Amino acid sequence: MTEEATNLSPENRVKELEDLIAAKDAEINALRQSQQELCDGLAQAQAENGVTLTGYRELLLSLHPGIEPEMLHGENIAAINASLAKVRQMRAKMKQSVLQELAQNRVPSGAPGRQPPETTTLSPREKINYAVGGKH
């Protein structure tokens with residue numbers, strides 16, 4: 001206790017402490033009010049951020065029509081951009097794979113050239129029948 005506090009009468013000391021408590025209560029209420037305002041501001045900012053992210057996603061989907069909406073995801077613009085980069089990389093790999101497969105399984109257009117039948121395995125009788133136009 002300070003020297004001044006020891007010189008006060010008990011009633012004055014009680015009054016001083018009550019005033020101190022009232023001041024602290026007012027400070028606590030002001031801090032609570034400030035906290036509530038910050039929480040409200042944060043909720044509003046989060047809602048606006050959600051609207052912004054939704055708009056950004058929709059813009060990207062309109063610019064890249066081949067991308068399915070489920071493929072673009074993220075809680076912020078950087079995460080959405082990262083998922084877009086992965087999707088574009090995956091599409092490029094798939095395109096390359098399909099083109100390689102098509103090149104390997106390519107069938108020439110048009111009718112194949114006429115080839116004479118293989119007669120080396122035919123018997124002499126079958127060769128004669130084939131030559132005169134009969135069935136072998």
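The values are calculated or read from the model by the stated rules, or taken from the named source; none is laboratory data. Since the model is a prediction, treat every value here as computed from it, not as a measurement. Cβ: placed from backbone, ideal geometry, glycine included. Neighbour counts: every protein chain shown.
Candidates Glu11, Glu58, Glu16: the one that is closer than 30 Å to Met94 by Cβ, of a type in the set (Asp, Glu), assigned to a helix (DSSP H, G or I) and free of Cβ contacts under 8 Å to residues at least 24 places away in the same chain is Glu58.
Residues checked against (1) modelled with pLDDT of 95 or more; (2) assigned to a loop (DSSP other than H, G, I, E, B); (3) among the acidic types (Asp, Glu); (4) in contact with a Gly (Cβ under 9 Å, 6 or more places away or on another chain):
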{"site": "Ala26", "(1), (2), (3), (4)": "yes, no, no, no"}
{"site": "Ser34", "(1), (2), (3), (4)": "yes, no, no, no"}
{"site": "Leu38", "(1), (2), (3), (4)": "yes, no, no, no"}
{"site": "Gln46", "(1), (2), (3), (4)": "no, no, no, no"}
{"site": "Leu53", "(1), (2), (3), (4)": "no, no, no, yes"}
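Checking the stated criteria, Arg91 turns out to be in contact with a Gly (Cβ under 8 Å, 6 or more places away or on another chain) and either surrounded by 10 or more Cβ atoms within 10 Å (Cβ to Cβ) or at pLDDT 90 or above (or both). Enumerate the pairs (first residue in the range 108-126 and on the phi < 0 side of the Ramachandran plot; second residue anywhere and hydroxyl-bearing (Ser, Thr, Tyr) and assigned to a loop (DSSP other than H, G, I, E, B)) with beta-carbon separation below 9 Å, excluding pairs fewer than 6 apart on the same chain, so at least 6 apart or on different chains. Short answer, once both residue conditions are applied: Glu126/Thr119. The set of residues in the range 67-91 that are outside any helix (DSSP H, G or I), within 20 Å of Val51 (Cβ to Cβ) and not small (Gly, Ala, Ser) comprises Leu72, His73, Glu75, Asn76.
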